[in-house]
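**Q** Got a structure for you, questions after.
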Amino acid sequence: MLEAHNARRRRRGEREVTVEDLELQVATAVNEQQRMRNELLADRELDELLEATNARRRARGLPERTREEVRLEFGAGDSD
């Protein structure tokens, strides 16, 4: 498959792709997927914790906390 791909690239005057190039592309894609998954899970966890916190605050008659307040206090999401 790689040989056929490279034959097409040669006909177009493009540089051939090596196995190492493909491995790097796969590793990069996997790392990006993992980063995005971790970000999504962290957001979900923050939402769940914030909902639990706000339920307790409502029960005590206190104002609810926002995501922005939590981020400012704890530094969550500094990469934004």
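The values are calculated or read from the model by the stated rules, or taken from the named source; none is laboratory data. The model shown is predicted, which means the values in this text are computed figures rather than measured ones. Glycine gets a Cβ as well: all are built from the backbone with ideal geometry, and neighbour counts include every protein chain shown. The accessibility values were calculated without ligands, DNA or RNA, using every heavy atom of the protein model including side chains. Shrake-Rupley method; radii C 1.70, N 1.55, O 1.52, S 1.80 Å.
**Q** Of Ala59, Gln25, Asn38, which is farthest towards the positive pole of the chain's charge dipole, taken about the Cα centre with +1 and -1 on the beta-carbons of Lys, Arg and Asp, Glu respectively?
**A** It is Gln25, whose Cα lies furthest towards the positive end.
**Q** While we're here: Ignoring ligands, DNA and RNA, what percent of the 1.4 Å accessible area of the chain is carbon and sulfur?
**A** Working: 3660 of 6740 Å².
The C+S portion of the solvent-accessible surface of the chain is 54 percent.
**Q** If you stretched the chain out fully between Arg57 and Leu22, how much longer would it get, using 0.36 nm times the residue separation minus the C-alpha to C-alpha distance? All intermediate terms of the calculation are to be shown ahead of the outcome.
**A** Numbers: separation 35, 0.36 × 35 = 12.60 nm, distance 5.20 nm.
Between Arg57 and Leu22, full extension yields an extra 7.4 nm.
**Q** Here's a follow-up. Heavy atoms of the protein only, probe of 1.4 Å, neighbouring chains included. What is the accessible area of Arg15 in Å², nearest 10?
**A** Counting only protein heavy atoms, Arg15 exposes about 150 Å² to solvent.
**Q** Also: With a 1.4 Å probe and all protein chains left in place, how much accessible area per residue does the chain have, in Å²?
**A** Working: 6740 Å² over 80 residues.
Result: 84 Å² per residue.
**Q** Run the numbers on the chain and let me know its relative contact order in percent, using alpha-carbon pairs under 8 Å that are six or more apart. Each step should come with its number before you reach the end.
**A** Numbers: 21 pairs, mean separation 10.7, N = 80.
Relative contact order here is 13 percent.
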